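Peer 1: Starting off with a structure, shown below.
The values are calculated or read from the model by the stated rules, or taken from the named source; none is laboratory data. On a predicted model such as this, the values are computed, not experimentally measured, just so you know. Here the Cβ positions follow ideal geometry from the backbone for every residue, glycine too, while neighbour counts run over all protein chains shown.
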Amino acid sequence: MSEEFVITGIGVVSPAGIGKEAFWDSLINCKAGIKDIRCFDTKNKKSRLGGEIRDFDLDAVLPDKRFRRAANVSKYCLASAKFAIDDAGLDSTKWDGTKVGLVVGVTHSAINYSREFHAALVKEGPLSASPMIFSDSVLNAPAGNTSIAFNVKGATHTIVGGVPAGLHAISYAIKIMKMSNLDMCLVGGAEELDSLVFDTYSRFGLLSPGDRFQIYPQGEQGEGMKPFAIDRNGFVIGEGACVLMLEKKKAAIERKATIYAAISSIHTAMSLTTENCSGICNDIPDAAGIYLSTGANGTANDSTEAKILKKEIAKNGKPYIGNIKPIVGECFAASGIMQAASAAIVLCKGVIPPSTIRHNLIPEIQWVRFNRFEEKVKIKTAIVSSIGLEGEGSFLTLKRQT
Amino acid sequence: MGIITALGVGKKENISGILEGQNAIKKIASFDVSGYRGKTGGEISGFNFSKKLKQLKPSRLDRATKLLLTSIDEAVAEAGLLNRLPSNTPVILGTTLGGMLSGEAYHRNIVSGKKAKPSLLLDYLAHYQAIHIAEEYGLDSAAFTISNACASGTNAIGLAYNEIRAGNAEIALAGGYDTMCEFTFAGFNSLQAVTQTLCRPFDKNRDGLVLGEGVGIIVLEEMSCAVSRNANIIAEIIGYGESSDAFHITRPEPSGDGAGLAISRALTCAGVGASDIDYINAHGTGTPYNDAMEAKAIQKIFGNASQNIPVSSIKSMIGHLLGGAGAVEAVITVMAMNKGVLPPNINYQTPDPDCPLNIVDKSEQPASIKRAVSNSFGFGGANAAIIFQGAA
């Protein structure tokens, strides 16, 4: 990929903070956004926990009445995009929209609106069908709304996928930037909490049954999501959005933008194995300068991820490891972008948040470096990994810009 | 190529039906439409899933996946790759609904207080159909699902085309699909976008679209790779372009600038001019907004040539297949090109001064089609255009 694309803006709406600074502060201080879910009834459920966003007001970020009735997933995406554009020092009212792209990864998208629309249809019949809810329930509503808000005319895409959909969106954004010769591309992932989704994963036994959760200061872990742990028992569901601004490196340097990181490579495969991931990190000389932003979520696939990372990286030394999911929950398509954002900030700041994973770990991950406190380390490379429930996944490599 | 629409299963039935101008639109049979404005649609009737599966269980599959598997078999067989599809072939599909029929069935039970089978959810989410296809055909490279509303099918073929051009793949499976479900039917009815009479794209008296269902699949292959294995090359993709309107979540940008940008990008990509195009397979939904916008876009990009280039929308015969539309229309465009016959725009009676195009109003019209454009536009302002050229 020759490092021609760089990240110059980050916007986050997460259960652990609205905005990049609040999100980073939560990572550094291990302040989890996991709570007892309030937005739907969890009585008699095996789990009550969720990475729920509260006190979020789109109007405070983007006062535009066209989006006041949009689904939460669209609102999270809109606010994250606004944060990313502002963070990049850009102004969407002044750019040539035909040179700007947008790719949004979603898993369930506006599932609240889909459920509400269909429930009204089943209970009350065709006359109850709301055109407003229908038009904002479609899978590409978050991307559509965001393109409208920020004058994105180059290309707008929605990539649907499981947990790795966020990294797939990055891969796709690079492709369309090359294909349509775009100057820049907003790339994000968005997800919203919903009772049907919660019930579904609960019925499949994928949700952590813990009913209390706490990450103590310095990253000691209580009940809840336990990535890479021997006694892991599922994930805690989350919501939110994260958007990155990708630009051509040359243009970013010319306009003196802050460059968080460069996209070095991205490897995607169905059914990831140690064999078909061979060579994914070949361009990494020294593992001592690596930060792993892992996507493990307390499910069976954690060991696959650990094995691949071990086979590809352990030969070069001990990288630092991070995992944001105990802080924000499993935010599906938004997770990969949030992981990439955290990794990009690590590369830019030269600071590593405390590891959220440390106790009772599977042997396949015990070769990495766990830091109890935040550390100042000049990391050269970050690897973002994301594996879906069907074993599909991606590995993204980011490099620090000097 | 593989295709399933309301006209039937397979290329033979579809191309003969289309070129004869058969109307496959009937009263919807799969759910009660008595409470809706529109009552008709392009449903696939008599589809029996007979494929013997190696990896998947039929009882766990949504109708969408069954249609896809059938269509992919047809496409792969025509490409001479049955049971020989390389394992690194990416699957790139476009859809708006995924396995919505399964999701509807599950949720209907929940809402009605009945027991809902969790197995209905195994093929509900829109990315699972591509995953299941990859699983069944033993493909371990990548399964991509694009959901850009009604442009999805064309976007999927466009991505596959660019993956091959970029050297990321030699062969790709690409296409689009959607099924007829009440959720969408109710949605388009609530938007008052559905006709109560006939779907008449570009006609002055057009009053809405009619929904359909189906699948279109294309096996794309890098030219030298296809030549070296003596494959039967059906057509060449020579250009693809896309853009977005940044205008409204359901309405198209009325000036046609966004759609025009996608078409002009496709022409630039192909390195051909407006006068090199012999046929335009229009998005042509039959709604007042879309067709007027599309006519403007065609006029802007093709200039005076727009008076002469034949234009038609096959949605008048099979309905609007949403995520399947672009892919099915690509298959039909290529077959019409190879047969040298223009697909008609049935139900066209009264020319609209706002759509001053050369609409193909009769069936079985012969024409020499060397290059054809297929347009697709979707909710959220997604625009895509693709250009095909007959095999030399």
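Peer 1: Looking only at the stretch B:1-16, count every residue that is β-branched (V, I, T), buried (at least 24 other Cβ atoms within 10 Å of the Cβ) and either within 21 Å of B:G80 (Cα to Cα) or modelled with pLDDT under 95 (or both) and tell me the total.
Peer 2: Total meeting the criteria: 2.
Peer 1: Scanning the stretch B:86-127 for residues that are more than 20 Å from A:S109 (Cα to Cα) and touching a strand residue (DSSP E or B) at 6+ places or on another chain (Cβ under 7 Å), which turns out farthest from the other protein chains (Cβ to nearest Cβ)?
Peer 2: So, considering only residues that are more than 20 Å from A:S109 (Cα to Cα) and touching a strand residue (DSSP E or B) at 6+ places or on another chain (Cβ under 7 Å), the one farthest from the other protein chains (Cβ to nearest Cβ) is B:P86.
Peer 1: Identify, from the list A:S278, A:S271, the residue that is at positive phi, at pLDDT below 90 and not assigned by TED's automatic domain parsing to the domain that holds A:F204.
Peer 2: Of the residues listed, the single one that is at positive phi, at pLDDT below 90 and not assigned by TED's automatic domain parsing to the domain that holds A:F204 is A:S271.
Peer 1: How many residues are surrounded by fewer than 19 Cβ atoms within 10 Å (Cβ to Cβ) and in contact with a Leu (Cβ under 8 Å, 6 or more places away or on another chain) if we restrict to the stretch B:332-355?
Peer 2: 1
Peer 1: Closer than 18 Å to A:I10 by Cα and among the hydroxyl-bearing types (S, T, Y): does that describe A:S303?
Peer 2: The answer is no for A:S303.
Peer 1: Just the residues that are within 18 Å of the chain's Cα centre (by Cα), under 26 Å from A:A155 (Cβ atoms) and more than 14 Å from chain A (Cβ to nearest Cβ), please, taken from the stretch B:340-388.
Peer 2: Those that are within 18 Å of the chain's Cα centre (by Cα), under 26 Å from A:A155 (Cβ atoms) and more than 14 Å from chain A (Cβ to nearest Cβ): B:A372, B:V373, B:S374, B:N375, B:I387, B:F388.
Peer 1: In the stretch A:300-320, which residues are more than 14 Å from A:T397 (Cα to Cα), charged (D, E, K, R) and in a helix (DSSP H, G or I)?
Peer 2: Correct list: A:D302, A:E305, A:K307, A:K310, A:K311, A:K315.
Peer 1: Which ones in the stretch B:198-251 are more than 14 Å from chain A (Cβ to nearest Cβ), touching a Gly at 6+ places or on another chain (Cβ under 8 Å) and among the small types (G, A, S)?
Peer 2: Scanning the stretch B:198-251 gives B:G212, B:G214, B:G216, B:A231, B:A235.
Peer 1: Hey, which of the strands (runs of 3 or more DSSP E) in the stretch A:230-299, taking only ones fully inside, have at least 3 residues that are within 14 Å of another protein chain (Cβ to nearest Cβ)?
Peer 2: Answer list for the stretch A:230-299: A:261-269.
Peer 1: Exactly one of these conditions fails for A:K82: (1) part of a helix (DSSP H, G or I); (2) without any contact (Cβ under 8 Å) to a residue 40 or more places away in the chain. Give me its number.
Peer 2: Going through the list (1) part of a helix (DSSP H, G or I); (2) without any contact (Cβ under 8 Å) to a residue 40 or more places away in the chain, A:K82 breaks only (2).
Peer 1: Now for a separate question. Whether any residue in the stretch A:68-90 is within 12 Å of chain B (Cβ to nearest Cβ) and aromatic (F, W, Y) is what I want to check.
Peer 2: no
Peer 1: Determine, yes or no, whether B:T179 is within 21 Å of B:I146 (Cβ to Cβ) and among the polar types (S, T, N, Q).
Peer 2: The answer is yes for B:T179.
Yes/no matrix, rows are residues, columns are (1) assigned to a loop (DSSP other than H, G, I, E, B); (2) modelled with pLDDT of 95 or more; (3) at the interface with another protein chain (Cβ under 9 Å from one of its Cβ atoms):
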{"position": "A:T146", "(1), (2), (3)": "no, yes, no"}
{"position": "A:K153", "(1), (2), (3)": "yes, yes, yes"}
{"position": "A:T158", "(1), (2), (3)": "no, yes, yes"}
{"position": "A:G166", "(1), (2), (3)": "no, yes, no"}
{"position": "A:I176", "(1), (2), (3)": "no, no, yes"}
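Peer 1: Follow-up. Would you mention how many residues in the stretch A:178-194 are within 7 Å of another protein chain (Cβ to nearest Cβ) and either within 30 Å of A:R115 (Cα to Cα) or assigned to a loop (DSSP other than H, G, I, E, B) (or both)?
Peer 2: Here the count works out to 1.
Peer 1: Next up: Output the residues belonging to the stretch B:271-282 that are surrounded by fewer than 17 Cβ atoms within 10 Å (Cβ to Cβ), of a type outside the set (D, E) and part of a helix (DSSP H, G or I).
Peer 2: B:S275 - this is the single residue of the stretch B:271-282 that is surrounded by fewer than 17 Cβ atoms within 10 Å (Cβ to Cβ), of a type outside the set (D, E) and part of a helix (DSSP H, G or I).
Peer 1: Using beta carbons and a limit of 7 Å, which pairs, at least six apart or on different chains, have the first residue in the stretch B:362-375 and assigned to a strand (DSSP E or B) and the second one surrounded by fewer than 17 Cβ atoms within 10 Å (Cβ to Cβ) and of a type outside the set (S, T, Y)?
Peer 2: Matching pairs, first to second residue: B:P366/B:G340; B:R371/B:D276.
Peer 1: Another question, then. Consider B:G80 carefully, then state whether it is at positive phi, within 12 Å of chain A (Cβ to nearest Cβ) and surrounded by fewer than 22 Cβ atoms within 10 Å (Cβ to Cβ).
Peer 2: Against the criterion (at positive phi, within 12 Å of chain A (Cβ to nearest Cβ) and surrounded by fewer than 22 Cβ atoms within 10 Å (Cβ to Cβ)), B:G80 does not qualify.
Peer 1: Tell me which residues, restricted to the stretch A:29-79, are surrounded by fewer than 18 Cβ atoms within 10 Å (Cβ to Cβ), free of Cβ contacts under 8 Å to residues at least 40 places away in the same chain and either in contact with a helix residue (DSSP H, G or I) (Cβ under 6 Å, 6 or more places away or on another chain) or in a helix (DSSP H, G or I) (or both).
Peer 2: A:D59, A:A60, A:K65 - these are the residues of the stretch A:29-79 that are surrounded by fewer than 18 Cβ atoms within 10 Å (Cβ to Cβ), free of Cβ contacts under 8 Å to residues at least 40 places away in the same chain and either in contact with a helix residue (DSSP H, G or I) (Cβ under 6 Å, 6 or more places away or on another chain) or in a helix (DSSP H, G or I) (or both).
Peer 1: Of the conditions (1) crowded, with 24+ Cβ neighbours inside 10 Å; (2) in contact with a strand residue (DSSP E or B) (Cβ under 9 Å, 6 or more places away or on another chain), A:D25 satisfies every one except a single condition; which number is it?
Peer 2: Condition (1) is where A:D25 drops out.
Peer 1: Quickly run through the stretch A:90-134 and pick out the residues that are polar (S, T, N, Q), surrounded by fewer than 24 Cβ atoms within 10 Å (Cβ to Cβ) and assigned to a helix (DSSP H, G or I).
Peer 2: Within the stretch A:90-134, A:T98, A:N112, A:S128 qualify.
Peer 1: When the stretch A:121-134 is examined, which residues are found to be touching a residue at least 12 places away in the same chain (Cβ under 8 Å) and either within 7 Å of another protein chain (Cβ to nearest Cβ) or more than 26 Å from A:G189 (Cα to Cα) (or both)?
Peer 2: Of everything in the stretch A:121-134, those that are touching a residue at least 12 places away in the same chain (Cβ under 8 Å) and either within 7 Å of another protein chain (Cβ to nearest Cβ) or more than 26 Å from A:G189 (Cα to Cα) (or both) turn out to be A:A129, A:S130, A:F134.
Peer 1: Restricting attention to the stretch A:285-294, does a residue exist that is modelled with pLDDT of 95 or more and either in contact with an Asp or Glu (Cβ under 9 Å, 6 or more places away or on another chain) or small (G, A, S) (or both)?
Peer 2: Yes: the stretch A:285-294 contains one or more residues that are modelled with pLDDT of 95 or more and either in contact with an Asp or Glu (Cβ under 9 Å, 6 or more places away or on another chain) or small (G, A, S) (or both).
Peer 1: Continuing with the same structure: Within the stretch A:332-385, work out how many residues are under 21 Å from the mean Cα position of the chain (by Cα) and assigned to a helix (DSSP H, G or I).
Peer 2: 17
Peer 1: Can you confirm whether B:I44 is within 30 Å of B:V341 (Cβ to Cβ) and in a loop (DSSP other than H, G, I, E, B)?
Peer 2: yes
Peer 1: Determine whether the stretch B:16-24 contains at least one residue that is assigned to a loop (DSSP other than H, G, I, E, B), closer than 28 Å to B:V360 by Cα and of a type in the set (D, E, K, R).
Peer 2: No, that holds for no residue.
Peer 1: What residue, of B:A75, B:A134, is farther than 30 Å from B:I249 by Cα, assigned to a helix (DSSP H, G or I) and at the interface with another protein chain (Cβ under 8 Å from one of its Cβ atoms)?
Peer 2: B:A134
Peer 1: Check the stretch A:110-117 and report whether any residue there is within 12 Å of another protein chain (Cβ to nearest Cβ), in contact (Cβ under 8 Å) with a residue 40 or more places away in the chain, closer than 30 Å to B:G35 by Cβ and under 19 Å from the mean Cα position of the chain (by Cα).
Peer 2: Scanning the stretch A:110-117 turns up at least one residue that is within 12 Å of another protein chain (Cβ to nearest Cβ), in contact (Cβ under 8 Å) with a residue 40 or more places away in the chain, closer than 30 Å to B:G35 by Cβ and under 19 Å from the mean Cα position of the chain (by Cα).
Peer 1: For the stretch B:265-306, which positions are under 28 Å from B:I249 (Cβ atoms) and of a type in the set (V, I, T)?
Peer 2: Selection gives B:I280, B:T285, B:T287, B:I298, B:I301.
Peer 1: If you don't mind, another one. What is the one condition in (1) over 23 Å from B:D178 (Cβ atoms); (2) surrounded by 24 or more Cβ atoms within 10 Å (Cβ to Cβ) that B:G380 does not satisfy?
Peer 2: (1)
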